[in-house]
Amino acid sequence: MDLAILGTGLMPFGRHDGVTPIEMGVHAAHAALEDAGLGWSDVQLAFAGSLEVLQPDTMIRHMGLTGIPFTTLYNGCATGGNLLLSAANAITAGAGDIAIAVGMDKHPRGAFSVGDTLESIGLGQWYGETGLALNPQYFAMKTQRYMHDHGITEDCLHRTAVKAFHNGSLTDHAWRRKAIPYEEIADASMVCDPLRKFHFCSPSEGAAAVVLCRADVARRYTSNPVQLRADVFRTRNYGSFETLSPSMPVKDAPSPSVQASQAAFEMAGVGPEDIDVAQVQDTEVGHEIMHLAECGFCKDGEQEALIRDGETALDGKIPINTDGGLLANGEPIGASGLRQVHEVCLQLRGRAGRHQVPGDPKTGFTHVYGFPGVSCVTVLSV
């Protein structure tokens, strides 16, 4: 069954004192419905996800008590992508024609950590004592290993951050809207070697929503819907070293990002070379660099030249994280995947304003990755 995105909405990521995550989710949902030209009474299925909110479906009391099925889920940073996938699967199964997916979160300042929940997820405190339970330390160690194995330099890390904050400075709804020069990034304090202050995203607050429907239904409301060509979710295999992996296997295996991307391209009938604009998970710059290869946009080690030559910039061969990504927007975990979809839809519709990719992009890609080693990928087109 062909599916289409009718509308997207955003509660801009950042800090919203006095606003609850549920209220942010309601804001994003209303914005998506307005973009779609629909009312809440038109929605037949709803899905919501969050790390901080135990029952995000309680937002229904603000939207309207219409009796519709409302499902909640949580898959780490891949929550948003899986919300959209769940909506797609429900529509394909015949449960309804129009669905909405809403992600929301409100995180305190500081670093992401699973240190307080190790026992509940089957790992002992020894795992935290290695430093792997604290995101900056885990990502720094993985980045350092990747740099060593594939010849990636600190220059590549700095250039990736420069690009992110430049794109954020052009994005009206970004949290960090100030370009940061290369020298300031390179001279910033070291947090976890080799990652410096401006190499990381920050936990933030916000929400995003997407209205999805059958493609034939979409034609009733718009002449130019965004087609959902593929939405694929994968978990890790043995041998793939990911967040919350308790050991380093002797023999490597493809990451879930590799497998999700390959399956999504096959489902959509396109390849990485056909993508005009892309979003990849950039919890920090090292993972944006690694994910470029894992998602198929280059080979391991080719990122050095690709980024140095500006090929991931707005006017490059493959524009990456055009709104500044997580570095410029921060990450409310439940919402980040749907923010990516929102951004790619803006680009494909030609509505991105000052950060619009030139050349009338037709096909887009989104990728999220999170603990405990899960990834979700979409392919979109107009």
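So that you can scan it fast, the table gives a plain yes or no per residue for (1) surrounded by 22 or more Cβ atoms within 10 Å (Cβ to Cβ); (2) without any contact (Cβ under 8 Å) to a residue 24 or more places away in the chain:
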| position | (1), (2) |
| --- | --- |
| Thr235 | no, no |
| Leu244 | no, no |
| Pro249 | no, yes |
| Pro256 | yes, no |
| Ser261 | yes, no |
| Phe265 | yes, no |
| Ile275 | yes, no |
| Gln281 | yes, no |
| Glu284 | yes, no |
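Among residues of region 131-144 that are within 12 Å of Gly286 (Cα to Cα), those with a Cβ under 6 angstrom from a residue that is surrounded by fewer than 21 Cβ atoms within 10 Å (Cβ to Cβ) and at pLDDT 85 or above, sequence gap 6+ or separate chain, pair up as Pro136/Val191; Gln144/Pro194.
Scanning region 170-212 for residues that are in contact (Cβ under 8 Å) with a residue 24 or more places away in the chain and small (Gly, Ala, Ser), we see that the one that is farthest from Phe13 (Cα to Cα) is Ala186.
Scanning for something on the phi < 0 side of the Ramachandran plot, surrounded by 24 or more Cβ atoms within 10 Å (Cβ to Cβ) and assigned to a loop (DSSP other than H, G, I, E, B), does region 335-349 turn up at least one residue? Scanning region 335-349 turns up at least one residue that is on the phi < 0 side of the Ramachandran plot, surrounded by 24 or more Cβ atoms within 10 Å (Cβ to Cβ) and assigned to a loop (DSSP other than H, G, I, E, B). The residue that is farthest from the chain's Cα centre (by Cα), among those in region 253-288 that are more than 19 Å from Leu314 (Cα to Cα), among the hydrophobic types (A, V, I, L, M, F, W, C) and assigned to a loop (DSSP other than H, G, I, E, B), is Ala253. One residue is enough: does region 22-45 have a residue meeting the conditions outside any loop (DSSP other than H, G, I, E, B), touching a residue at least 60 places away in the same chain (Cβ under 8 Å) and within 30 Å of Val191 (Cα to Cα)? Scanning region 22-45, I find no residue that is outside any loop (DSSP other than H, G, I, E, B), touching a residue at least 60 places away in the same chain (Cβ under 8 Å) and within 30 Å of Val191 (Cα to Cα), so the answer is no. Would you please name the residue that is farthest from Ser41 (Cα to Cα), looking only at residues in region 52-87 that are of a type in the set (Ser, Thr, Tyr) and assigned to a helix (DSSP H, G or I)? Here the residue is Thr79.
Among the residues of region 121-140, those that are in a loop (DSSP other than H, G, I, E, B) and either in contact with a strand residue (DSSP E or B) (Cβ under 6 Å, 6 or more places away or on another chain) or crowded, with 17+ Cβ neighbours inside 10 Å (or both) comprise Leu123, Leu132, Ala133.
Condition (residue is closer than 28 Å to Thr20 by Cβ, assigned to a strand (DSSP E or B), modelled with pLDDT under 95 and among the small types (Gly, Ala, Ser)) applied to region 88-108: is it met by at least one residue? No: region 88-108 contains no residue that is closer than 28 Å to Thr20 by Cβ, assigned to a strand (DSSP E or B), modelled with pLDDT under 95 and among the small types (Gly, Ala, Ser). Scanning region 251-276 for residues that are within 15 Å of Gln227 (Cβ to Cβ) and not hydrophobic (A, V, I, L, M, F, W, C) gives Gly269, Asp274, Asp276.
Filtering region 141-189 to residues that are touching a Phe, Trp or Tyr at 6+ places or on another chain (Cβ under 7 Å), of a type in the set (Val, Ile, Thr), closer than 18 Å to Asp309 by Cα and outside any loop (DSSP other than H, G, I, E, B) leaves only Val162. Examine region 219-232 for a residue that is farther than 22 Å from Ala278 by Cβ, within 14 Å of the chain's Cα centre (by Cα) and modelled with pLDDT under 90, and state whether such a residue exists. No: zero hits.
The values are calculated or read from the model by the stated rules, or taken from the named source; none is laboratory data. Given the structure is predicted, the values throughout are model-derived calculations rather than measurements. Here the Cβ is made from the backbone with ideal geometry for all residues, glycine too, and neighbour counts use every protein chain on show.
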